[in-house]
1. Contour minus end-to-end for E221 and F297, with contour as 0.36 nm per residue of separation and end-to-end as the Cα-Cα distance?
2. For Q28 and M151, what is the calculated FRET efficiency with R₀ set at 41 Å and r taken between the beta-carbons, to the nearest 0.05?
3. Can you classify the stretch 187-291 as rounded, prolate or oblate using the Cα gyration tensor, where a ≥ b ≥ c are the square roots of its eigenvalues, rounded means a/c under 1.5, and otherwise it's prolate if a/b beats b/c and oblate if not?
4. By a straight-distance test (C-alpha under 23 Å), which lysines pair with K381 as possible cross-link partners, with residues fewer than eight away in the same chain excluded?
5. Run the reach check for K59 against lysines, Cα to Cα strictly under 16 Å, same-chain hits fewer than 8 apart removed. What comes back?
6. Provide the gained length on full extension for the span Q478 to E90, in nm with one decimal, where the gain is 0.36 nm per separating residue minus the Cα-Cα distance.
7. How large is the translational diffusion coefficient of the stretch 364-485 in µm² per second when you combine the Kirkwood radius over alpha carbon pairs with Stokes-Einstein at 20 °C and 1.002 mPa s?
8. Where the accessible area of the stretch 153-231 is counted over protein heavy atoms with a 1.4 Å probe, how much of it, in %, is carbon and sulfur?
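The values are calculated or read from the model by the stated rules, or taken from the named source; none is laboratory data. Keep in mind that what you see is a predicted model, and the values were worked out from it rather than measured. Note that we place each Cβ from the backbone using ideal geometry, even for glycine, and neighbour counts take in every protein chain shown. Each accessible area value is taken on the protein alone, full model and side chains, heavy atoms only, with ligands, DNA and RNA left out. Shrake-Rupley method; radii C 1.70, N 1.55, O 1.52, S 1.80 Å.
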Amino acid sequence: MVFGYTVLAQERLKYNTLEDKIDNYLSQSVVNGYSGSVLVAKDNEIIFSKGYGWSDRSKKVPNSSSTVFNIGSVTKQFTAAAILKLMEDEKLEVSDKIEKYFPQAPSDKKDITIHQLLTHTSGVSPSTGGFRYDKASKETFLSDFFTAELMYAPGSKHTYANANYILLSAIIEQVSQQDYETFLKESFWTPLQMHHTGYKGIYFDSEKLAHGYYFHYTDGEWRDWGTTQKYLPYNIDHWYSIGKGDIYSTVEDLYTWHLALEKNQVLSAETKKLMEEAHVPENETETSFYGYGWAIFNSRNNSKIVAHNGSNGIYFADFLRFVEDDLVVIALSNIILNQQSENVAWEIASMVMDKEYRPKTIPKNTYELVFDFIRNNPPEKADELSKFIESKTGAPINDKAILNRIGFKQVSENRDTDWGISLLKLNTSLFPDDGNLWDSLGEAYYILKENNNAIKSFEKAIELRPETNCYWCENAAQRLEELKK
């Protein structure tokens with residue numbers, strides 16, 4: 001009996017270790033669809049490194065700590081480091097104005113400095129440039145940048161805009177006389193033996209690349225998006241993507257990068273300090289600041305955090321460096337379920353910092369939960385959907401688009417029209433003051449030729465019109481004119 005008690009106590013102790021708590025949290029979340037890789041290091045020692053879910057569902061390839069993911073805007077720290085490396089080599093200064101590199105820069109932009117590009121204070125709009133995977137030459141992007149209207153005078157305010165880092169890439173190529181990826185590879189990745197980090201070139205078994213997955217709300221199923229390399233142009237016309245996102249890496253390589261930064265193997269101590277300095281506030285409350293390719297803020301214990309996340313809408317990456325606590329948490333995933341799935345790194349950091357902290361299991365994607373409910377219940381039970389979602393996610397439905405999208409597709413594509421109408425009606429009861437939702441309900445009734453209900457819905461949509469920018473009013477008014485003839 002004593003021996004049996006000892007074994008039981010040991011098992012309980014094992015379950016209560018930090019590693020097991022993290023593993024339990026992520027393993028339970030996999031049941032709801034979570035998929036990714038996580039690495040945790042404390043006091044210069046890796047205490048946890050593991051993959052979860054599938055890298056490739058069809059081939060049953062699991063994620064591991066060496067799986068390669070798109071890291072989104074975590075890319076920006078590499079672009080910033082390249083600029084600072086060129087500064088250390090005395091080939092540029094962060095105070096340089098872009099007119100030095102682009103004589104064609106117009107008068108409103110010629111005085112923008114490299115520092116302002118690095119800190120997102122150039123005044124350029126987040127909408128400058130096109131969709132990341134559309135083909136665009138360097139000349140096309142430069143034309144976009146130089147003809148775009150600035151939001152405000154350079155240097156006066158911070159607004160996060162990818163175009164800043166794309167332009168930095170053009171400067172890197174011009175000054176180094178190398179293409180962006182080659183410069184980073186030769187300057188950083190190869191010397192540090194980061195063999196699974198890159199931009200477009202793949203120098204390893206392509207099966208290590210994680211496929212991205214997304215939920216298709218029309219058909220109510222998960223789809224394989226493929227890998228990033230499938231979408232990046234194979235020629236040089238990638239100038240809506242470069243520099244600001246789409247570098248790929250692993251949790252292991254990113255930890256190698258962290259160690260190299262800490263040991264001043266990437267940049268000198270003085271330059272690294274400049275990189276991690278809180279240069280400009282990111283918000284009016286000044287609780288978060290932007291450095292060069294990193295966000296800077298304080299933990300609840302008032303210790304410094306240097307971090308950045310990133311996403312292309314399919315993959316999600318979070319790189320947290322609690323530099324004064326010697327804690328690093330890196331989480332990369334190939335699926336986005338919800339806000340909770342984007343908070344994995346922060347939840348794990350809380351577990352490390354507070355032994356009593358217990359994160360909640362990541363719930364299923366809300367769109368998937370809606371489909372789960374409608375596949376197992378008749379439309380007459382639509383009023384129970386809200387409680388079902390809240391019971392699964394811990395929060396009520398707060399996104400007006402979810403039921404609007406699913407409901408309207410059910411009607412417009414003649415799938416399950418009864419459930420479609422029920423979802424749209426439920427949405428108007430959840431958000432009764434949104435005229436757009438009433439317009440969607442009216443359009444659904446119009447499609448089904450339920451004219452009286454359509455008229456009532458369109459009239460409600462018009463009644464709720466805002467003073468300006470009523471983007472649904474024209475449709476509602478046209479439909480009413482037609483229906484009342």
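1. Working: separation 76, 0.36 × 76 = 27.36 nm, distance 3.86 nm.
Between E221 and F297, full extension yields an extra 23.5 nm.
2. On the way: r = 44 Å, r/R0 = 1.07.
That gives a FRET efficiency of 0.40.
3. Working: a/c = 2.16, a/b = 1.37, b/c = 1.57.
Oblate.
4. Here the lysines satisfying the reach criterion relative to K381 are K364, K392, K400, K409, K425.
5. Answer for K59, where 16 Å is the Cα cut-off: K208, listed by chain and number.
6. Details: separation 388, 0.36 × 388 = 139.68 nm, distance 6.42 nm.
Length gained, Q478 through E90: 133.3 nm.
7. Numbers: Rh = 14.7 Å.
This corresponds to a translational diffusion coefficient of 146 µm²/s.
8. On the way: 1540 of 3340 Å².
Ligands and nucleic acids excluded, carbon and sulfur reach 46 percent.
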